[in-house]
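The values are calculated or read from the model by the stated rules, or taken from the named source; none is laboratory data. Computed from a prediction, not measured in an experiment: that's the story for all the values here. Don't worry about glycine lacking a Cβ; one is built from the backbone with ideal geometry, like all the others, and counts go over all protein chains shown.
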Amino acid sequence: MAKSTFTFQELKRTNHREIKEIQDKKFRAFIRYQVWPNHPYYRKLFKDNNIDPYNITCIEDWAKYKVPLVKKIDYRENLQKFVLNPSEVDGKPRESSEAISNLMKYSNESGHKDLAKFIRNNGAKVKLGIGKAGATARLKERATYQFSPLQFWFSSGRASGLPSPVFLTRYDNDLLYKNCVKVGQMAIDPYVESGWECSSMNLFPYAPHLGWHAVNLGLKQLSKFYVATSAGGAIPSERLVELAGLFKVNSFAGMPSYLRNRFFRTMKEANDYQAPEKNVLLLAGEKIYEPAVDDMVGTLEEKGAKEVHVVGGYASSESKISFAVQCDRHGPYHNVSPLMLAFELIKFNDDGTYDFVSDDESGHMCLFHLDGTGTVFEGFLLGDVASHQEKGKCPHCEFDGPFFWDIGRTNDAQAQMDIMGMSEKKIKGATVNLTALREMILSISQIEEVQIEVAKEDMSDPYSMDILNLYVAPRGPVPGDYNSLILEIQKTTKTNTEVTPGVTIIGFEELVERAGGMKFMEIIDNRPKPA
Ligand SMILES: [Zn+2]
């Protein structure tokens, strides 16, 4: 019973053992017929480590055969080699018949029955020479749909220039379309039976990240009415709250810090805003803190809401086509597409090897793709940690599948170096490589020295918005006229990090003293930690 994907309803009634069985079957087919022939990075990795990809029969075999895990830095330095490319093998052109045969085998063994049938029918026509031109054109068109990159999400920051892109094909886009709606279905599930209908609002920032686009695709399918906006920038918060009132929005999706510190704060002050009776809050993109959620729920209740169902979503640019989502504010994160990708927790052993953790053990989040084209990751360390994972019946909902608890960023700089091979900070949901930023700022000829500070808008409130401050010592005298320099610094920073910084011009001596004297702190994270 090969199957390529589950709908929300199917997922709800399928037992975790069945899910695991189909998941491994699909993983096996993906490694054999897509990754091994078409993925330049893993093909070399398998060869270099004398691993026979045909030995890999389940996800756990990754540890059994000691396949090296991939760190963010490995990806950053091999962007092109992570894209599935059936037209080449080991740097040489490949016969298209061989490429098609691989796709055929993958389709057959992974439950993609329609694709298998399509290739079989057109392949037969080509072989027999009956309607050959038409069949060849159809196969070619399908290959473009399946493998040609169409767009990208930005992943982590590179040493210089733009963040590294993760490529999606048209095929990926269609998978994303099917998967993102399941996140919304999970969020509204408790209300559906009562006939409640969703009027939703997208409040994620508009950027080439997974968040806004996935929520846009999902809400459009799910909602009776959908208010497609974006957080900050285009429309002021006052107007967004007015729109929410006007269209009786009962489902809000966005990043917790923006929603709590801008949108709901504005709502609180809007005298004429009336909240619907039942509401849904979908939060993602940042760690979700209880007191911040309490504030948002409190505001809705103050405005007349009787119920607020809050869920958190988990994804990354690298997960590309799917997500995990909580069934309840206090519930675990469920993988809504276990046949598309697997989120697995791993631990490192003292001898440098690694293992998959058992239930009730915390671990590092590791991503395995089971479907999709474009950029593909297997055994990829995302840089997040979860307290534990389970496979079985959820204590909060009807799902009986893989789930994990309490996901958060590996924040300590040394731990980040170990897990990702680089250190990065998330600021307002954007991943920022501050080391690279410092280098870019220092390359401006008028600048002598700079200290980068990550802080909070309100330093007494750990849940307030992140801000970025640059303390800059110019080569010229201080005080002086540095307006154009400040603008240049702000522009460089905004271009490279998506964040506009506060810039303070100070004298060199003062800067050195401020930054710790002999122990100069080039980059400092002064954000107060939540209790
Ligand atoms: Zn659940």
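Selection within segment 289-324: residues that are within 16 Å of the ligand (Cβ to nearest atom) and surrounded by fewer than 23 Cβ atoms within 10 Å (Cβ to Cβ). The member of this set that is nearest to T410 (Cα to Cα) is V310.
In this entry, K47 is excluded by the filter for residues that are assigned to a helix (DSSP H, G or I) and in contact with a Pro (Cβ under 6 Å, 6 or more places away or on another chain).
The C-beta contact set for segment 330-342 (first residue of a type in the set (F, W, Y), second residue near the ligand (Cβ under 10 Å from one of its atoms), distance under 7 angstrom, 6+ apart or interchain) comprises Y333/V325; Y333/Q326; Y333/F403.
N279 fulfils the conditions (1) closer than 28 Å to K425 by Cα; (2) touching a Leu at 6+ places or on another chain (Cβ under 8 Å) except for a single criterion, (1). Look at K64 and say whether it is within 28 Å of the chain's Cα centre (by Cα), over 29 Å from F152 (Cβ atoms) and assigned by TED's automatic domain parsing to the domain that holds K127. So K64 passes the test.
If I ask for residues that are acidic (D, E), surrounded by fewer than 23 Cβ atoms within 10 Å (Cβ to Cβ) and assigned to a strand (DSSP E or B), which ones from segment 346-381 would you list?
Result: D355, single match.
If you check A99 against the conditions, is it small (G, A, S), touching a helix residue (DSSP H, G or I) at 6+ places or on another chain (Cβ under 7 Å) and assigned to a helix (DSSP H, G or I)? No.
Of the residues examined, D384 is not one that is within 16 Å of the ligand (Cβ to nearest atom) and either surrounded by 17 or more Cβ atoms within 10 Å (Cβ to Cβ) or without any contact (Cβ under 8 Å) to a residue 60 or more places away in the chain (or both).
Close contacts from segment 397-410, counting a first residue that is part of a strand (DSSP E or B) and a second that is of a type in the set (D, E) and away from the ligand (no atom under 11 Å from the Cβ), with Cβ to Cβ under 7 Å and a gap of 6+ residues or different chains, come to I407/D384; G408/D384; R409/D384. Residues of segment 339-356 that are at pLDDT 95 or above and either within 14 Å of the ligand (Cβ to nearest atom) or hydrophobic (A, V, I, L, M, F, W, C) (or both): L339, M340, L341, A342, F343, L345, I346, F356. With respect to the conditions (1) part of a helix (DSSP H, G or I); (2) touching a Gly at 6+ places or on another chain (Cβ under 7 Å), A473 falls short on a single one, namely (1). Being within 26 Å of the chain's Cα centre (by Cα), over 20 Å from L79 (Cα atoms), touching a residue at least 40 places away in the same chain (Cβ under 8 Å) and surrounded by fewer than 21 Cβ atoms within 10 Å (Cβ to Cβ) is a property that does not hold for A29. Answer yes or no: is there a residue in segment 279-302 that is assigned to a helix (DSSP H, G or I), under 23 Å from C180 (Cα atoms) and in contact (Cβ under 8 Å) with a residue 60 or more places away in the chain. There is no residue in segment 279-302 that is assigned to a helix (DSSP H, G or I), under 23 Å from C180 (Cα atoms) and in contact (Cβ under 8 Å) with a residue 60 or more places away in the chain.
Go through segment 394-408 and give me each residue that's among the acidic types (D, E) and touching a helix residue (DSSP H, G or I) at 6+ places or on another chain (Cβ under 7 Å). Selection gives E398, D400.
If we scan segment 452-467, do we find a residue that is farther than 30 Å from Y482 by Cβ, more than 16 Å from the ligand (Cβ to nearest atom) and in a helix (DSSP H, G or I)? No: zero hits.
Under the condition of being among the basic types (K, R) and either buried (at least 23 other Cβ atoms within 10 Å of the Cβ) or at pLDDT below 95 (or both), the residues counted in segment 272-288 number 1. On the basis of being within 16 Å of the ligand (Cβ to nearest atom) and not β-branched (V, I, T), does C327 make the cut? Judged against the criteria, C327 is a match. On the basis of being on the phi > 0 side of the Ramachandran plot and either crowded, with 19+ Cβ neighbours inside 10 Å or at pLDDT below 95 (or both), does G401 make the cut? Answer is no for this residue.
The combined condition, being at pLDDT below 95 and either in a loop (DSSP other than H, G, I, E, B) or touching a Gly at 6+ places or on another chain (Cβ under 6 Å) (or both), is fulfilled by S322.
Return the total of residues in segment 233-245 being under 24 Å from H209 (Cα atoms) and surrounded by fewer than 20 Cβ atoms within 10 Å (Cβ to Cβ). The qualifying residues number 4. The set of residues in segment 392-403 being more than 10 Å from the ligand (Cβ to nearest atom) and under 22 Å from the mean Cα position of the chain (by Cα) consists of P402 alone. Scanning segment 405-441 for residues that are touching a Ser or Thr at 6+ places or on another chain (Cβ under 8 Å), at negative phi and within 16 Å of the ligand (Cβ to nearest atom) yields a single hit, W405.
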